[in-house]
1. Can you compute the charge dipole magnitude of region A:1-121 about its Cα centre, using +1 on each Lys and Arg Cβ and -1 on each Asp and Glu Cβ, nothing else charged? Give it in debye, rounded to the nearest 20.
2. For the protein assembly as shown, what are Rg and Dmax over the alpha carbons, in angstrom?
3. What 222 nm value per residue comes from the helices of chain B, counting each DSSP H run with n ≥ 4 as -39,500 (n - 2.57) and dividing by all residues, nearest 500 deg cm²/dmol?
4. Please state the charge dipole magnitude for chain B, taken about the Cα centre, from unit charges on C-beta atoms (+1 on K and R, -1 on D and E), reported in debye and rounded to the nearest 20.
5. Given a cut-off of under 8 Å on Cα pairs at least six residues apart, what relative contact order in percent is computed for region A:3-133?
6. Please report B:Ile20, B:Ile130, A:Ile134, A:Ile54 as a ranked list, fewest other C-beta atoms within 10 angstrom at the top and most at the bottom.
7. If you take each beta carbon of peptide B:17-30 and count the beta carbons of other chains within 10 angstrom, what is the mean?
8. Place +1 on the Cβ of every Lys and Arg and -1 on the Cβ of every Asp and Glu in the protein assembly as shown, take the dipole about the Cα centre, and give the residue among A:Ala114, A:Leu128, B:Ala84 whose Cα lies farthest towards its positive end.
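No value in this document is a laboratory result; all are computed from the given coordinates. In this text, all values refer to a predicted model and were calculated from it rather than measured experimentally. Backbone-built Cβ (ideal geometry, glycine too); neighbour counts: all protein chains shown.
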Amino acid sequence: MPRLTRWYLRAAMLHLGGALALGVLLQWPAVRAELPVMVVLFPTLLHLLVVGWITQVIFGVAYWMFPRYSAEQPRGSERMGWSTFASLNVGLLLRVVGEPLHALGRATAGLLVASALLQLLAGWTFVLNTWPRIRER
Amino acid sequence: MPRLSIWLVRTSLVHLTVGIALGALLLAGRELADGAWVARLRPVHAELLLFGWTVQLIMGVAYWILPRYRAGRERGSAVLPWAAYWLLNAGVPLVAAGQWLSGAPSLALAGRLLEALAAGAFVAHALPRIRRFGSGT
């Protein structure tokens, strides 16, 4: 298993743990009673699961298992692969921080715009790097 | 990778490209655009990423890697999985359009029916291939 895949899978598991912990917190009676504003974190929980866990596992396993691009670059551009990994995770973390702050009026929209752009960059660079590998062996 | 998997995976990457762009617009556009217009993109974003990207990618990889038959065509008849491909890719845009045009529930219903038929066709193909490696014909 390549190093980048190991990073993807470990980061995915951290996001899964974070999402489930957040899920428990959002259902905790005292939190629901005292801090109803926490409901703004539900989209964050969903994206931790769908982007941080499911998409990240797919990206990591696809990088590992899809047909090789060439003998010199079996997995396409390694640099682009790492850039996808970094932008996906930084983008998602900015969302985790920015979404509740924005809902409470304590952050500018800039944080969410940066998060959106980074996640967009991650998705598009993944497509660019993966597309040439989708072919017969 | 067989030809059908190439089509399924590449089409799923197209859905990822568009779906993640809509997600970025939703996240960044909360204060940058008219809220009602942006909010209507949410179900379209979810449809493209859940069915167009995730479900389709899984179908493509499953068709490629599930155990093959020893005799005859190694992956069995391709009629049902190709039908699944076309039904799914007719269904997803119909559901998305039905959700975008809020006054067109029949479009979304037609799309969902096509998606259900796609799932049925794919399951009918894949179920007999779920077995121990080397067992059966």
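1. On the way: 9 positive and 4 negative charges, 49 e Å.
About 240 debye.
2. Considering the protein assembly as shown through its Cα atoms, Rg and Dmax are 20.2, 65 Å.
3. Details: 6 runs with 92 residues, N = 137.
That calculation yields -22000 deg cm²/dmol at 222 nm.
4. Details: 13 positive and 5 negative charges, 153 e Å.
Its charge dipole is roughly 740 debye.
5. Working: 134 pairs, mean separation 36.6, N = 131.
Value for region A:3-133: 28 percent.
6. Going from least to most buried by this count: B:Ile130, A:Ile54, A:Ile134, B:Ile20.
7. On the way: counts 7, 1, 1, 11, 4, 1, 7, 12, 2, 3, 17, 10, 4, 7.
Whole-number average of other-chain Cβ neighbours for B:17-30 is 6.
8. Farthest towards the positive end: B:Ala84.
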